[in-house]
1. Using only Cα atoms, locate the centre of region A:58-87 and the centre of region A:16-33, then give the distance between them in Å, rounded to an integer.
2. Over the C-alpha atoms of region A:63-107, what are the Rg and the largest Cα-to-Cα span, Dmax, in Å?
3. Just need log10 I(q)/I(0) for the protein assembly as shown at q = 0.12, 0.17 Å⁻¹, Debye formula, equal scatterers on the alpha-carbon atoms, no solvent, rounded to two decimals.
4. Using alpha carbons only, what's the Rg to Rh ratio of chain B with Rh from Kirkwood?
5. Given a Förster radius of 22 Å and the C-beta distance between A:T9 and B:E15 as r, what FRET efficiency does 1/(1 + (r/R0)^6) yield to the nearest 0.05?
6. For every other residue with a beta carbon closer than 9 angstrom to the beta carbon of B:Q6, add +1 if it is Lys or Arg and -1 if Asp or Glu, then tell me the sum.
7. Considering the dipole of region B:2-114 built from charges on the beta carbon (Lys and Arg +1, Asp and Glu -1) around the Cα centre, which of B:S84, B:A17, B:S52 is farthest to its positive end?
8. Per residue of B:43-50, count partner chain C-beta atoms within 10 Å of its C-beta, then hand back the mean as an integer.
Amino acid sequence: DAGVTQSPTHLIKTRGQQVTLRCSPISGHKSVSWYQQVLGQGPQFIFQYYEKEERGRGNFPDRFSARQFPNYSSELNVNALLLGDSALYLCASSLELGGPLHFGNGTRLTVT
Amino acid sequence: AQSVTQPDIHITVSEGASLELRCNYSYGATPYLFWYVQSPGQGLQLLLKYFSGDTLVQGIKGFEAEFKRSQSSFNLRKPSVHWSDAAEYFCAVGGDQAGTALIFGKGTTLSVSS
C-alpha cells in the first residue's frame with residue numbers, strides 16, 4: 001500500500017501570496033494531521049481532522065486553515081505568506097483517532 | 001508549560017558502539033511518549049511509544065527506551081549502532097495514544113563514524 005503522499009514536494013512563493021498544500025492519507029485512514037517543521041526545530045502541531053471535522057488546532061494564526069474531503073484527503077491553506085512560514089510541512093494520517101501517526105515526506109515551502 | 005527537551009543537539013558514535021539519546025519532558029497529565037526518526041528528505045518514522053505498563057519499551061530497528069517518571073525522562077538506547085542509523089531523532093509527548101497534537105523536542109542529530 002502507498003504511504004502518505006504529499007504534493008507538491010517543493011514550492012517557492014513570494015511574501016503576501018497564498019499557498020495550498022495537499023495530502024492523501026494511507027488508504028483506509030480517516031484522520032489527518034498537519035505539522036510545521038522549521039529548519040533546526042522539531043515539528044509543531046497545526047491541525048488535526050477526523051471524519052472531515054476539525055478535532056484539534058495548534059497555536060497558529062488564522063492565516064492557516066485546512067479542510068478534509070469525503071475521501072479523507074486534506075488541504076492546508078496559508079494566506080498572506082510571511083518569510084517565517086518557510087518550513088517543511090508534514091502531513092500524518094492514522095486509521096482512527098486512537099492509532100499511531102504515519103508521516104508523509106513533507107512539502108518544502110520557501111517564501112521569498 | 002508542556003515541553004520536551006533534548007539536551008544533545010549533535011552526537012557522534014562509532015559504528016558498533018552503544019547509543020543513548022536523552023529526552024526530558026514536562027507534561028501536566030499522564031504523558032504518552034514517542035520517539036521518531038527522520039532521515040534527510042524524509043518524513044518521520046515511529047520508532048517506539050510508551051503509554052503505560054512496563055517502563056522499558058522495545059521498538060523497531062533494535063531501539064529501546066526507558067520511561068523514568070521520577071526523572072521525567074524517556075531516553076532512547078541501542079546496544080550497537082549501525083551506519084544506517086545516522087539520522088535525526090525526535091522525542092515527543094502527547095496526551096493520548098493517537099499522538100494527537102504531539103509536542104516535539106528540537107531533535108538530536110546522530111552521526112556514525114566508521
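Derivation of every value follows stated rules applied to the coordinates shown; laboratory data play no part. As the structure is a computational prediction, the values presented were derived from the model and not from experiment. Note that each Cβ is placed from the backbone with ideal geometry, even for glycine, and that neighbours are counted across all protein chains shown.
1. Taking the Cα centre of region A:16-33 as reference, the centre of region A:58-87 is 9 Å away.
2. 12.5, 35
3. Calculated log10 I(q)/I(0) at the listed q: -0.65, -1.22.
4. Numbers: Rg = 13.3 Å, Rh = 14.1 Å.
For chain B, the value is 0.95.
5. Numbers: r = 31 Å, r/R0 = 1.43.
So, using R0 = 22 Å, E works out to roughly 0.10.
6. Values: positive: B:R22, B:K106; negative: B:D8.
Cβ neighbours under 9 Å give a net charge of +1.
7. Value computed over the given set: B:S52.
8. Values: counts 16, 12, 2, 5, 0, 0, 2, 0.
Rounded to a whole number, the mean comes out at 5.
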